[in-house]
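Any read-out appearing in this document is the output of simple, stated calculations on the displayed coordinates, not a laboratory observation. Since the structure is predicted, the reported quantities are computational estimates derived from the model, not experimental observations. We place every Cβ from the backbone using ideal geometry, glycine too, and count neighbours over all the protein chains shown.
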Amino acid sequence: MELDVQPKVIIHGGAGSSLHGKGGVEAVRRSLYPVIEDVYALLLEGKSACEAVVRGCQMLEDDPLFNAGTGSVLQSDGQIRMSAALMDGIAQRFSGTINVSRVQHPIELALYLQNSPDRVLSDFGAAELLRELQLPSYDPITERRLNEWLQERQENFTKTMAAVVAEVGVGDDADTAVVDTSARRGTIGVVVLDSQGKLASGTSTGGKGFERIGRVSDSAMPAGNYATAHAAVSCTGIGEDIIDECLAARIVVRVTDGMSLLDAMQRSFTEASDRQRDLGAIALDASGAIAWGKTSDVILAAFHNGDRIGDTLELPVGTQVGCI
Ligand code: GLY
């Protein structure tokens, strides 16, 4: 098929503490690379940016390693409530769902809501929409997440967030990698430039874990997921920090106003680092530049630039920005 534009894709499975060695890195790679391959194949077939983003988000939501869909963390009351957003850059249209339960792929609700007059639905409304769409009831809980919550209950919820995302890592061999109980923040995200030169971004999360009922994540806000015709961004990290920086919109607006993607990322991450934020982001621009940034130890991102797959799993700890 003749392509107008070389497609690009970057995905993430969260940001947080170090992966503790080769075992953790390899396990995360084994999760991220098949998603990159699938999404890139769809783009080569001519699928739209939104279709490719949704497919990538569904695959990451299905992977219990990540804190979204299956494997989402539990909130303080022992329930799972998930949030997701999709933004079509060309239409500059945001849709999302906040604190939805009992669904396999929260991103599917965001996709449906792209063409609805009411484009962001929360708990009761989202449950009603699930019923209307006749999506089967699905319990995303995993034994690991339940055990983390039970452990925290014993300790009277002294942690402010769950040990989430890439919880592999202790041990040198990917097959023997075990749960790392150090705090990690997580979410999944997919950002795509399709063969028509159109951008889209999607983000999905189980939230921070152990949070108060009704806490709203950045992932279903323009702070955490935003796109125009010029740039698209998905964020991960502590939602409150991402909201305070309005990070996704900040980067995208800078690029839309004429700054290069690299400059927009460098400036935004310098500001976030100066304010001791704990976060990360992945980004694409309409020219095909691919970027990532983090203030946390690691950002679990992988990309396809048309020639090869690469990742950010072994970057030095601390604030880093990269662009290719
Ligand atoms: N970034 C995900 C959350 O804090 O909810």
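Residues Thr236, Thr142, Thr312, Thr158, arranged from fewest to most other Cβ atoms within 10 angstrom of their Cβ, appear as Thr158, Thr142, Thr312, Thr236. If you run the Gaussian network model on the chain, springs between alpha carbon atoms under 10 Å, then out of Gly202, Gly89, Gly56 the most flexible one is Gly89. Here the simple spin-label model places points 7 Å from the Cα toward Cβ, and for Leu3 and Ser116 these points are separated by 3.3 nm. The calculated FRET efficiency for the pair Arg144 and Arg267, based on their C-beta separation and a Förster distance of 41 Å, comes to about 0.60. Using a Gaussian network model of the chain in which every pair of alpha carbons under 10 angstrom is joined by a spring, one finds that among Leu247, Leu135, Leu42 the greatest mean-square fluctuation is at Leu135.
The length gained on full extension between Arg30 and Asp307, counted as 0.36 nm times the residue separation minus their Cα-Cα distance, comes to 97.8 nm.
For the chain, modelled as a GNM whose springs connect Cα atoms under 10 angstrom apart, the maximal fluctuation among Cys246, Cys235, Cys57 occurs at Cys246. Counting other Cβ atoms within 10 Å as a rough exposure proxy, the listed residues His12, His230 run His230, His12 from fewest neighbours to most.
In the chain, helices alone account for a calculated mean residue ellipticity at 222 nm of -9500 deg cm²/dmol, with every DSSP H run of four or more residues adding -39,500 (n - 2.57). Using the Cβ-Cβ distance between Ser76 and Leu44 with R0 set to 30 Å, the FRET efficiency from 1/(1 + (r/R0)^6) comes to roughly 0.10.
Structural descriptor for the stretch 1-58: relative contact order 44 percent, calculated from alpha carbon pairs under 8 angstrom and at least 6 residues apart.
Neighbouring Cβ atoms within 10 Å as the yardstick, rank Val190, Val25 fewest first. Present the calculation step by step, with values, prior to reporting the outcome.
Working: Val190 31, Val25 22.
Ascending Cβ contact count within 10 Å gives the list Val25, Val190.
Taken along the Cα-to-beta-carbon direction at a fixed 7 Å, the label points for Arg275 and Gln92 span 2.3 nm. Between the stretch 46-67 and the stretch 231-257, the alpha-carbon centres lie 20 Å apart. Full extension of the chain between Ser18 and Leu315 gives 105.9 nm of extra length, using 0.36 nm per residue less the Cα-Cα distance.
Taking every alpha-carbon pair under 8 Å whose residues sit at least 6 apart, the stretch 1-118 reaches a relative contact order of 18 percent. Name all residues of the stretch 53-73 having a backbone nitrogen under 15 Å from the label point set 7 Å from the Cα of Leu133 along its Cα→Cβ direction, giving them as ranges. Taking a point 7 Å out along Cα→Cβ of Leu133, the residues of the stretch 53-73 whose backbone N falls under 15 Å are 53-59, 61-62, 69-70.
Listed by number, the DSSP H helices of the chain that run 30 Å or longer by alpha-carbon position along their axis and have mean Kyte hydropathy of at least 0.0 are 22-44. Among all the lysines, which ones have a C-alpha under 25 Å from Lys208's C-alpha, if same-chain residues fewer than 8 places away are not counted? Cα-Cα hits under 25 Å: Lys159, Lys294.
Take every Cα pair under 8 Å whose residues are at least 6 apart in sequence, average their separation, divide by the length of the stretch 187-324, and the relative contact order is 20 percent. For the chain, the alpha carbon positions stretch 56, 47, 37 Å along the principal axes, listed from largest to smallest.
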